[in-house]
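Step one of this worksheet: look at the structure below.
The values are calculated or read from the model by the stated rules, or taken from the named source; none is laboratory data. Since the structure is predicted, the reported quantities are computational estimates derived from the model, not experimental observations. For neighbour counting, all protein chains shown are included, and Cβ atoms are generated from backbone atoms with ideal geometry for every residue, glycine included. Calculation scope for accessible area: heavy atoms of the full protein, side chains included, ligands and nucleic acids excluded. Shrake-Rupley method; radii C 1.70, N 1.55, O 1.52, S 1.80 Å.
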Amino acid sequence: KNYYGGNWASFSFSGLLSWIKENQQKTDSSNEREDWRKLILENEEVISLSKKDKTVQNVEDFCFGDQDSAQDVEEAGALSKLPVFVAAGAEGVAEDLEKETPSTENATTESQEPEQAMDTEPASAAEGKDTEMTSEKEDAQIMALGDSTLDLGTTEAAPSELSAQQPKRVTYSQIVREGRRFNIDLVSKLLYSRGLLIDLLIKSNVSRYAEFKNATRILAFREGKVEQVPCSRADVFNSRQLTMVEKRMLMKFLTFCLDYEQHPDEYQDYEDSTFAQFLKTRKLTPSLQHFILHSIAMVSETDCSTLDGLQATKKFLQCLGRYGNTPFLFPLYGQGEIPQCFCRMCAVFGGIYCLRHSVRCLIVDKGSGRCKAIVDHFGQRIRANYFIVEDSYLSDGVCASVHYRQISRAVLITDRSVLNTDSEQQVSILTVPPTEPGKPAVCVIELCSSTMTCMKETYLVHLTCPSTSTAREDLEPAVEKLFNLNTEKEAEGEELEKPKVLWAVYFNMRDSSGINKNSYNGLPSNVYVCSGPDSALGNDYAVKQAETIFHEMFPTEEFCPPSPNPEDIIYDGDEIAPEEPGLSNSPETKPDTSAEESSHEGGAAVKKEDNEV
């Protein structure tokens, strides 16, 4: 691939259009020579890898504006006064590094728990080449990770000014021209503030390469309307949607969920029931049941057991208040920043990430049955003791016995929020209940421009659910409830009040999580398979899988130990120079540790101070 992250990647708008075109091609267009087969010895056998990624299907994109007007429009090049963040491939590293400029100052937070505060430095969301990104904060509430509280020192535009301005009509040609302001994720997720991924980012110091924005509100869709859900104690008692009796009911139930394990007598009779059935026994009003089921626990009405629902509710409540008023964080520049942050840290210690460099096969020794090498598309044999393969690289023969699930995904660009408030800079999560029995609920994440994922005057909306059909058939009913798809110049009634969809794409993505390695045919014991994205909102499965694979290979080693500060790293051949007076390790003068440092041929040593590697 020519971009980082595989199915976890983020794209600019033009990059996503190229990805769509690539995945709409039915045949493998590559004309590859088979000369490498001559390199295979008599005592070796080959496990061929897939030449084309087949994990994405049913890709359909729609433009709800004047697409012809954008035929001669090109994506803007370097945006004025914007820093350049580099994510180059194997070649052109030296030239790319010269172009890099310092990032702007980030908002910082003070430590509430015994963790070190982290400096932040956004990683690139590029597709293997220079990418310009906006440094405008747009009144964003930005934070550095470090077990800290959020410093809310930002201001918003005056509500009277916002309401007085008529919304500008955004055209398709504007979207194309401002395409570099978009960072569109293939997978839609949020980070639980006390989830495994946040803990790992803090522990490993990888958080120094990323910035995050707090999800500002939880929404619910009930009786055809979108409304905000009170989450914290203050929200509950300030809510005008709930009566005083409902407020007491809700607080009593949420208090019970925080330590439900201490009161088994209250739920053990309903362990075989669904969580929805259990809620009906708690004397909760229908609106409270809806809020808890779809907006707090965020679980299925028909498939979730009572214990799973209580556990999901407890997790939600435990994550409240760590970084803000909701349990969730979103990485600026998109979810695709996370894999790039780990790639950057890996590169500091000699790891190499090769873009545009494909692998043809695994070579297995017939005697031992272990994989001994791979052959790349240049015909080179590369030896290793362990091989980790993402599921999408495996051929149909290896995966013949595997039964995959699918994820239905949609990405929309809209002209305004699903729930307008005084502030336009909202990051919202909404669950749309199923329209008919047997259909899954749809998770909707709406991102504003201050997340650095879309241009001003637009919103980026992600919809996700487990697949029962094609993505469009699964998700379009939810889209029609929330948005105006009318391409006519005039819309009437309710359609006029809904946000207008400017552009949309639907696609199905393979969910390879939860598959036992023994389900794959003929894989050697030292080949490990990692899955692509799953349909869950968080990232816990991916973190657990990575740790499991690591410990199978290195049972006595610590998984992702704390890394040293970049200024403490000494490469082979370098001398330790005394620090000059007057210099500091502020973000403006801190040495760069981008992924391009992977081209350095030497090893790495560390001054033995606080951390050792």
Response to the item:
Within the range 378-394, residues over 23 Å from the mean Cα position of the chain (by Cα), open to solvent by less than 80 Å² (accessible area, probe 1.4 Å) and in contact (Cβ under 8 Å) with a residue 60 or more places away in the chain come out as GLY379, ARG381, PHE387, LEU394
Item to complete: From the list SER423, SER512, SER417, SER467, pick out the single residue that is open to solvent by less than 10 Å² (accessible area, probe 1.4 Å), in contact (Cβ under 8 Å) with a residue 40 or more places away in the chain and over 30 Å from GLY369 (Cα atoms).
Response: SER417
Worksheet, complete the sentence: Expected single match for at pLDDT 95 or above and small (Gly, Ala, Ser) among SER408, SER423 is SER408
Worksheet item: Can LYS247 be described as open to solvent by less than 40 Å² (accessible area, probe 1.4 Å) and not assigned by the TED database to the domain that holds PHE349?
Response: yes
Fill in: Qualifying positions in the range 324-350 - at pLDDT 90 or above, over 21 Å from PHE182 (Cα atoms) and of a type outside the set (A, V, I, L, M, F, W, C)
THR326, PRO327
Fill in: Among (1) touching a residue at least 40 places away in the same chain (Cβ under 8 Å); (2) more than 27 Å from VAL543 (Cα to Cα); (3) open to solvent by 40 Å² or more (accessible area, probe 1.4 Å); (4) not polar (S, T, N, Q), the one test that VAL375 misses
(3)
Worksheet item: How many residues does the range 426-443 contain that are β-branched (Val, Ile, Thr), open to solvent by less than 30 Å² (accessible area, probe 1.4 Å) and assigned to a loop (DSSP other than H, G, I, E, B)?
Response: 1
Worksheet item: Which one of GLU446, GLU476 is under 28 Å from GLN289 (Cβ atoms), part of a helix (DSSP H, G or I) and of a type in the set (D, E, K, R)?
Response: GLU476
Item to complete: Please work out which residue is farthest from LEU49 (Cα to Cα), limiting yourself to the range 359-372 and to residues that are touching a strand residue (DSSP E or B) at 6+ places or on another chain (Cβ under 8 Å) and open to solvent by 40 Å² or more (accessible area, probe 1.4 Å).
Response: LYS366
Worksheet item: Is it true that some residue in the range 170-184 is open to solvent by less than 70 Å² (accessible area, probe 1.4 Å), under 19 Å from ILE429 (Cβ atoms), modelled with pLDDT of 90 or more and part of a loop (DSSP other than H, G, I, E, B)?
Response: yes
Worksheet item: Which one of these is part of a strand (DSSP E or B), of a type in the set (Phe, Trp, Tyr), open to solvent by less than 20 Å² (accessible area, probe 1.4 Å) and under 18 Å from THR431 (Cβ atoms): PHE316, PHE330, PHE291?
Response: PHE330
Worksheet, complete the sentence: Going through (1) in contact with a Phe, Trp or Tyr (Cβ under 9 Å, 6 or more places away or on another chain); (2) surrounded by 15 or more Cβ atoms within 10 Å (Cβ to Cβ) one by one, TYR520 fails only at (1)
Item to complete: Inspect all residues belonging to the range 252-263 and state whether any of them is open to solvent by less than 60 Å² (accessible area, probe 1.4 Å), among the basic types (Lys, Arg) and either in contact (Cβ under 8 Å) with a residue 24 or more places away in the chain or farther than 26 Å from LEU191 by Cβ (or both).
Response: no
Worksheet item: Pairs, please: C-beta under 7 Å, at least 6 apart or cross-chain, first residue in the same structural domain as ALA441 (by the TED database) and in the range 289-313, second open to solvent by 10 Å² or more (accessible area, probe 1.4 Å) and part of a helix (DSSP H, G or I)?
Response: none
Fill in: Members of the range 197-222 that are assigned to a helix (DSSP H, G or I) and either in contact with a Gly (Cβ under 8 Å, 6 or more places away or on another chain) or assigned by the TED database to the domain that holds MET298 (or both)
LEU197, ILE202, SER207
